[in-house]
Each structure stands twice: as structure tokens, then as C-alpha cells.
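What follows is a short report on a single structure.
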Amino acid sequence: MISMAVNENLKTTFIKVNKKKAQAFIKLINAIFKNQQIIDKKKRIMHEGEYILFPLVLGEKNINKLNESIGKEIDFQLILRDGVLNINYKNKSLSETLEKIILPEYYDLIPKSYDVIGHIVIIEFDKINLLINEDLNLLKKKIARAIISVNKKSRTVYEKKSEIKGPYRLRDLELLYGDDFSETIYKENNCNFKLDVKRMYFSPRLVYERTRIASSRITENETIIDMFAGVGPFSIQIAKQHQVKIYAFDLNPYAFEYLKKNIKLNKIEGKIFPYNIDIQNICNDANNLGNSLHNQVDRIIMNLPESSLNFIDIACYLMKTSGGILHIYQFCEKSDPLKIAIENLKTKLKESNWFLETIFECKVVKTYSPKSDLVVIDAAIKQSKT
């Protein structure tokens, strides 16, 4: 049994293994400790005659585990040496970067996630705002600088200062670090999207959803409505892969201008027709576009989760009476989000004399808040017989 004072004189703990057993040792370490980091990648591996010295990240529990598991198959020694920093090591996480920059009592305040959109990082502080002291802004700026060091292509960090609000679904953003330049180009699935994070809503966290829908079984020459298109991430990725006609609507005039730019920026197979109108007006008898699309649409995307259900009557007005595909996003309570989402949709369809024919997919996309989830339903809907 081998034991030692691991942190004696702040030296590095090494495990000393014969070179001939080094490869077997690494395999055993990976198998026994799995995703746990045992070898300290911040320090250099050292050589001493016929032995290799691996720097370790260890506690007493891990020492016992080494003795019980690896010691039965490989002879080794735990020794203390002055560790040498590995100059090729790159910090892999924000927490690692901040270890020696902020006090340990603030570690729990480091945000667990943030959005990277082109050269821009958008971060939201939660617990940190509970601190009331003169060092709060300094702490935020330290975290912002650390984020830039972790994300080498990023140059600007904004802090979210409000919830999504207003008809354009915008948040207040405050500059924490870098140039106050809010226009950027975001790359996703071989597409480029120019956008301004202060003037329009955009979430990089729906990358999988956009990929999934763009790669679904879309028939050639389908007529598709992207009801809340934004700068075009759904429309453009679909038109990139399919010969279709997409009518892309958005109320925000700034998003509309960027939508037009992004259509030109990307090489697409299908056709996209952008419109800066309130989709609610499309059902008016005097609306020529609405008249031309009435009961002519094969597929509708409704990515406005906070109020998508309020537009079901418009979706029914546009969809072919013989049936079509609906992709609808909703925020639903965590108690039973899938059941709630389905019942909500059924109720709204019934009000328009339509029904839910087939559900292809119903799932939680992500957690939205402590009390609600973002749910998507992919379904075939059809007009009821009268």
C-alpha cells in the first residue's frame, strides 16, 4: 500500500512507471477512472532513466483506487517533484482559466454556459448579481476576459441585462469587454448568417433543430412558410438542400434586411421570398399574397415558442386542406411538457376545424427556465370534414 502527503511543499505528485508498462498504465487509467481527469495536462510528463513520470491530479480517494486497481497489475511509485508547466497546454474550460484569477469563493458564480455568435459572446450572470460589493464589475470583466482567452476567435463580450421583450424579441445588452460592434457573421452547417445581436433575436442553441428539419424528408417543389424567419436560419438551411419555395416572414425590419442579405450571401438550391409584414395580416381579404397562398402550403415552421399557438388559425388558413406538415415550438410547464404541448395544439386546431392527424416527433428541445421546457412537435395536420 502506497500513501503520501500529496500537497507537501506544493510539489507535484507523479506516478513513476517503467517505460515498458507506460502504455498499459494509460489504458488502465482510462478504463478505471473513465471521464475523470487523473493525469495533469498542465504539467509536463518527465523521463527518468527507464521510467516515465506522469504528473497527477490526485486526492486520497484516488490514491487508494490506484493502489487497489492498478497496483495489482503494474508496479509503480508515487513521488514528489517540482512540476514543469506544459507550454503546449491550452485551457479547455472557463473554470480552468479562472482558477488563478478569481478567489475560490467566487468559483460557483462562474456561468456554466454562454452563447458564441461569430466574434461575439453573450453571457448571462445569475448568482453573481446577488453579490453587492464594489468589486462586482471587476469580477465580471475578469470573467469576460477569460472567456475571450478560451474562445480565440471571439473579440467582444456582452452581458444580458434583461429578459426577451417587445414585438422584436430583443434583450438589453451591456458591453463587458472588447469593441462595441454588434454586427457579426455566424457560421452554421455550411451557411453564413450576417446579423446584429442588438437589433434582432438569434439563438445558436437551436443549431440541432435547424439541422434536423433541413435534413428531414422534404419533397421537391414543396411550398413552405417560415412564419417567424428572423435572419433566415431555418429557411436558408432548408433551401440550401432542397428545391423548394419558401415564403419567409418577419415583423422586425432590421431582421428583414439581414434576411435579404443572407439569401444573397448563401448559395441556395431553392427560392426564398422574404417579406417584412405582420403575418396576422395575411388572412385579410385585401391581402393579395394571402389570397395566393390560401390553402396552398405544404409545410409551416412556427418558431415563436412564447406565442406560436396564437397563430394556429393563420397556419390553418395557409395549409392545404388535404393536409400538411407543421413544426411548432412551445414553452410548456415541466410537470408534463410533452402532454401539455400536444393538448395545446389539439385544442387550437379544433378551434379552426382542423385536427392532429399524425405526430412524427414530440420532444423537449432544451430547458428554458426552472419551470418550463422548450418543446417541438412535428406533425401532420388536416382540415376536419364538415
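Scanning region 87-120 for residues that are loosely packed, with under 11 Cβ neighbours inside 10 Å and part of a helix (DSSP H, G or I), we see that the one that is nearest to the chain's Cα centre (by Cα) is Asp108.
Scanning region 154-200 for residues that are touching a residue at least 12 places away in the same chain (Cβ under 8 Å) and more than 20 Å from Val231 (Cβ to Cβ) yields Arg155, Val157, Glu159, Lys161, Glu174, Leu175, Leu176, Tyr177, Gly178, Asp179, Asp180. Val17 falls short on exactly one of the conditions (1) assigned by TED's automatic domain parsing to the domain that holds Arg145; (2) at pLDDT 85 or above, and that condition is (1).
When we screen Leu103, Leu53, Leu58, Leu98 for residues that are in contact with a Phe, Trp or Tyr (Cβ under 9 Å, 6 or more places away or on another chain), at pLDDT below 85 and on the phi < 0 side of the Ramachandran plot, the only hit is Leu98.
For the structure I just gave you, tell me whether Val84 is surrounded by 12 or more Cβ atoms within 10 Å (Cβ to Cβ), at pLDDT below 90 and among the hydrophobic types (A, V, I, L, M, F, W, C).
So Val84 fits the description; yes.
Suppose we filter Leu356, Leu338 for residues that are in contact with a Leu (Cβ under 7 Å, 6 or more places away or on another chain), among the aliphatic types (A, V, I, L, M), free of Cβ contacts under 8 Å to residues at least 40 places away in the same chain and more than 28 Å from Lys261 (Cβ to Cβ); which single one remains? Give the derivation first.
Working: Leu338 fails: in contact with a Leu (Cβ under 7 Å, 6 or more places away or on another chain).
Exactly one of Leu356, Leu338 is in contact with a Leu (Cβ under 7 Å, 6 or more places away or on another chain), among the aliphatic types (A, V, I, L, M), free of Cβ contacts under 8 Å to residues at least 40 places away in the same chain and more than 28 Å from Lys261 (Cβ to Cβ), namely Leu356.
If I filter region 266-288 down to residues being modelled with pLDDT under 95 and either among the hydroxyl-bearing types (Ser, Thr, Tyr) or not in a loop (DSSP other than H, G, I, E, B) (or both), which single residue comes out as farthest from Ser352 (Cα to Cα)? Give the steps one after another, and end with the answer.
Taking region 266-288 as the starting set, the residues that turn out to be modelled with pLDDT under 95 are 267-270, 277-288.
Still in the list and also either among the hydroxyl-bearing types (Ser, Thr, Tyr) or not in a loop (DSSP other than H, G, I, E, B) (or both): 279-283, 288.
Values: Ile279: 17, Gln280: 15, Asn281: 17, Ile282: 16, Cys283: 13, Asn288: 22 Å.
Within region 266-288, the match that is farthest from Ser352 (Cα to Cα) is Asn288.
Does Phe234 qualify as being part of a helix (DSSP H, G or I) and under 22 Å from the mean Cα position of the chain (by Cα)? Yes: the conditions hold for Phe234.
Between Tyr177, Tyr247, which is within 23 Å of Phe125 (Cα to Cα) and surrounded by 20 or more Cβ atoms within 10 Å (Cβ to Cβ)? Before you say what the answer is, go through the steps one by one.
Numbers: Tyr247 fails: within 23 Å of Phe125 (Cα to Cα).
The unique qualifying residue is Tyr177.
Answer with yes or no whether Asn291 is more than 19 Å from Asn189 (Cα to Cα), out of contact with any Asp or Glu (no Cβ under 6 Å at 6 or more places or on another chain), in contact (Cβ under 8 Å) with a residue 24 or more places away in the chain and not small (Gly, Ala, Ser). So Asn291 does not fit the description; no.
Within region 208-263, can you find the residues that are of a type in the set (S, T, N, Q) and over 21 Å from Tyr329 (Cα atoms)? Break it down stepwise before answering.
If we filter region 208-263 for residues that are of a type in the set (S, T, N, Q), which is where we start, we get 211, 215-216, 219, 221, 223, 235, 237, 241, 243, 252, 262.
Selection gives Thr219, Asn221, Gln241, Gln243, Asn262.
Comparison of Asn262, Asn295 shows that the only residue that is touching a strand residue (DSSP E or B) at 6+ places or on another chain (Cβ under 8 Å), surrounded by 23 or more Cβ atoms within 10 Å (Cβ to Cβ) and of a type in the set (S, T, N, Q) is Asn262. Might you let me know whether region 108-118 holds any residue that is basic (Lys, Arg), within 30 Å of Lys187 (Cβ to Cβ) and modelled with pLDDT of 70 or more? Yes, region 108-118 has at least one match.
Give the residue that is nearest to Tyr329 (Cα to Cα), with candidates limited to residues of region 289-308 that are over 26 Å from the mean Cα position of the chain (by Cα) and not in a loop (DSSP other than H, G, I, E, B). Show your work before the answer.
Initially, region 289-308 is screened for residues over 26 Å from the mean Cα position of the chain (by Cα), giving 289-298.
Then drop every residue that is not not in a loop (DSSP other than H, G, I, E, B), which leaves 289-293, 297.
Details: Leu289: 25, Gly290: 23, Asn291: 26, Ser292: 26, Leu293: 22, Val297: 19 Å.
Residue satisfying both the conditions and the ranking: Val297.
The values are calculated or read from the model by the stated rules, or taken from the named source; none is laboratory data. Quick caveat, the model's predicted, so the values are computed rather than measured. Using ideal geometry, Cβ is built from the backbone for each residue, glycine included, and neighbour counts are taken over all protein chains shown.
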